[in-house]
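Report on the following structure.
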Amino acid sequence: MISAQLIKKTLQSVCCCSALCLSAYASAAEHIAPPSLSSIENSDIKRLLPNDEVKPILAGDTEFLSLYSEYMSRDFRGIVLLIPDWNSTPTSNAGMSYLRKELTNLGYTTYAMTVPDIDWQASNMASQADTQSSTQSSTQAQNEEPTKTAQSNSDGAVTTAQEPHFVNAIDLVSNEVLSHYKTNLIMRYEALYQNAMSEPNNIVVIAQGTSAGVLLEYYADFPDSRIDAFISLSSYLPNTQRNKGLAQTTSLVTPALLDIYYANDNTDILMSLKNRQRWVNRNAKFDYRQRQLFGLRHAPEQHARLTKVIDGFLRRLF
């Protein structure tokens, strides 16, 4: 009996120690943040690509990577800056990796940059600030004498008049998250532009998806940006109001614009194309072109079509 009780107590103490160790390990693991997507991409790029292609660039206090490829034809035609979509890489198979290599055979020196991480908490910080300001305003309103709007019915009863309330659809991405990404992307773009602009050359920017959308907003606000051509691949902003205004913004950019889209793009892109053309006609932007590509964007044949369309557009310019 004594030995059985000792064994039972020993097992209980061992179980308690194990539970304490597991709880301590779990509490410690909660404070370990996962590595960011950009850090994983940077480590893969440094490990898999040749060292002479990888060039770190400093944008403010943040360092990012760019992939450099020198032109490999008899005639030098200019410099191309390649900017992938957000949550994408310059080595992705959505056209950027193919263009980065193929455009060098056509006489262009290419710089392909990595994009910044998306801060999904930017909207939460903005909402907290709005909540604090609304709380302060409501406190001030309570201190004042309240006024009520009332109306009398036929029986002489008094009822409070209420205004109709409408609920808008919730956007996929909030305006704060999109603006935060735009600020970080423009900072990297300007650093890349200054690094590539060593001497006067033809400057071409090829951007994709959301990155193309925020760059169109940037060029519309700063028309003196010296680039010779801008090529957007499925330009789009995942915010209803911002994407609605992108049609007019497209017609306000200074450089020649090639707007490429795919037949299997999302509905918001396909529905906005006709409206873009209407704004282009209204603002008389005569160097605007739209081109549609059929088939899967990851297919090798699609990459060849994309390169041919871009090369034909640029040869008409210079």
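Nothing in this text is a laboratory measurement; each read-out follows from the coordinates by a stated rule. If you're wondering where the values come from, they're calculated on a predicted model, not measured in any experiment. Ideal geometry is used to build each Cβ from the backbone, glycine not excepted, and the neighbour counts take in all protein chains shown.
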Review point. Sorted by packing (mean other beta-carbon atoms within 10 Å per residue), highest first, where do 99-109, 205-215, 188-198 land?
Key: 205-215, 99-109, 188-198
Review point. Taking the Cα centre of each part, how many Å lie between region 173-243 and region 275-318?
Key: 17 Å
Review point. Between their Cα atoms, which of Lys244/Lys274; Lys101/Lys182; Lys182/Lys308 are more than 22 Å away from each other?
Key: Lys101/Lys182; Lys182/Lys308
